[in-house]
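Remarks on the structure that follows.
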Amino acid sequence: MDQNLTTKEILSLDTPWDRLVHRPPARLIATFLSRTSITPNQVTLLTLIPAALCALFFIQSNLVSGFWALLSFYLWAMLDHVDGELARRTGRCSPFGRKLDDVCDNVGSLAILSGIFGGTLRLLEGKHQLIVSLIFLIGLVLNLISGVLVLSAKRAAREEAVKHQTATQKFMFFQKLLDHMTGRDPFYLLVSAALWALYWRGNWGLLLITCLLIGLYAISFGAFAAWWRMKIKPVVTP
């Protein structure tokens, strides 16, 4: 294993943005919750509330609701780090908790994407809304499947890296690139673009819909390609 890489760094799915923006307040909240009877799994389920609120605010398709959606989005992203912090502090880490976290992450992500799409679609006045919606729904399904596959493959690869002590800087670069593509970072760009479209309205809605569809399919097929690469040519070998 590269001497500059620690086990914690290899296993972590955090991006620099996560460590700077989400992790610090998550640690403070987890420290407080560790003195209560609240469990990590309860916090995981709680993340669905701000995700649903974010989607509902975006669907309203106005600038004021858009800023509330941004706040709800940040709360969702930050709370997603609290359950893990709380689990480690209380010694309640479990395979079920990790699977529950993955499920809630996927549900929350799909809800927010659908809210942004629905709100932006309301800005359009055309005859092709049904076709565009169908293309979007297919993209959501592909995004969900590819996200589940690539997350499982990433975790397996990192566990092998720790087990065989074979992680390199090249390996971590490849893994962190996947983290950026499939994590929260693209979401912030998308949310910012949605707010811009709500402010200017007009043709900006059409542009955002186009970018959303292109991005959705690009990330999905990119994740499928990364998953397939890790399957046929493992990044880490014993």
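Out of all the residues in region 175-183, is one or more surrounded by 15 or more Cβ atoms within 10 Å (Cβ to Cβ), polar (S, T, N, Q) and at pLDDT below 75? Scanning region 175-183, I find at least one residue that is surrounded by 15 or more Cβ atoms within 10 Å (Cβ to Cβ), polar (S, T, N, Q) and at pLDDT below 75, so the answer is yes.
Results for (1) small (Gly, Ala, Ser); (2) within 19 Å of the chain's Cα centre (by Cα); (3) farther than 25 Å from Leu178 by Cα; (4) modelled with pLDDT of 90 or more, shown as yes or no for each residue.
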{"residue": "Thr15", "(1), (2), (3), (4)": "no, yes, no, no"}
{"residue": "Pro24", "(1), (2), (3), (4)": "no, yes, no, yes"}
{"residue": "Leu28", "(1), (2), (3), (4)": "no, no, yes, yes"}
{"residue": "Leu33", "(1), (2), (3), (4)": "no, no, yes, yes"}
{"residue": "Thr36", "(1), (2), (3), (4)": "no, no, yes, yes"}
{"residue": "Thr44", "(1), (2), (3), (4)": "no, yes, no, yes"}
{"residue": "Ala52", "(1), (2), (3), (4)": "yes, yes, yes, yes"}
{"residue": "Ser61", "(1), (2), (3), (4)": "yes, no, yes, no"}
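When region 76-96 is filtered for residues that are assigned to a helix (DSSP H, G or I) and surrounded by fewer than 18 Cβ atoms within 10 Å (Cβ to Cβ), the ones remaining, listed by number, are Arg88, Arg89, Thr90, Pro95, Phe96. Here is the figure for region 200-210: residues that are modelled with pLDDT of 75 or more and in contact with a helix residue (DSSP H, G or I) (Cβ under 8 Å, 6 or more places away or on another chain) total 1. Name every residue in region 23-67 that is under 22 Å from Asp101 (Cβ atoms) and surrounded by 21 or more Cβ atoms within 10 Å (Cβ to Cβ), in order of residue number. Matches in region 23-67: Ala26, Ala30, Pro40, Val43, Thr44, Thr47, Pro50, Ala51, Cys54, Ala55.
Only residues that are assigned to a helix (DSSP H, G or I) and more than 23 Å from Pro16 (Cβ to Cβ) were counted in region 61-71, giving 7. Comparison of Ser109, Ser114 shows that the only residue that is among the polar types (S, T, N, Q), surrounded by 19 or more Cβ atoms within 10 Å (Cβ to Cβ) and in a helix (DSSP H, G or I) is Ser109.
What residue, of Glu85, Glu125, is modelled with pLDDT under 80 and over 16 Å from Phe58 (Cα atoms)?
Glu125
Take Leu63 and tell me if it is free of Cβ contacts under 8 Å to residues at least 40 places away in the same chain and in contact with a Leu (Cβ under 8 Å, 6 or more places away or on another chain). So Leu63 does not fit the description; no.
Take the residues in region 19-60 that are among the basic types (Lys, Arg) and not in a loop (DSSP other than H, G, I, E, B); name whichever of them is farthest from His81 (Cα to Cα). Can you show your working first?
So in region 19-60, the residues among the basic types (Lys, Arg) come out as 19, 23, 27, 35.
Next cut, not in a loop (DSSP other than H, G, I, E, B) only: 19, 23, 27.
Numbers: Arg19: 10, Arg23: 6, Arg27: 8 Å.
Among those residues, the one meeting the criterion is Arg19.
Out of the residues in region 79-130 that are among the small types (Gly, Ala, Ser) and in contact with a helix residue (DSSP H, G or I) (Cβ under 7 Å, 6 or more places away or on another chain), state the one that is nearest to Leu33 (Cα to Cα).
Kept after step one, since they are among the small types (Gly, Ala, Ser), are these residues of region 79-130: 84, 87, 91, 94, 97, 108-109, 111, 114-115, 118-119, 126.
The next check asks that each one be in contact with a helix residue (DSSP H, G or I) (Cβ under 7 Å, 6 or more places away or on another chain); those that pass are 87, 97, 108, 111, 114-115, 118-119.
On the way: Ala87: 10, Gly97: 17, Gly108: 22, Ala111: 27, Ser114: 31, Gly115: 30, Gly118: 35, Gly119: 35 Å.
Looking at the filtered set, the residue picked out is Ala87.
The values are calculated or read from the model by the stated rules, or taken from the named source; none is laboratory data. Note that the structure is predicted; figures quoted are calculated from it, not measured. Heads up, the Cβs are rebuilt from the backbone with ideal geometry, glycines too, and the neighbour counts pull from every protein chain shown.
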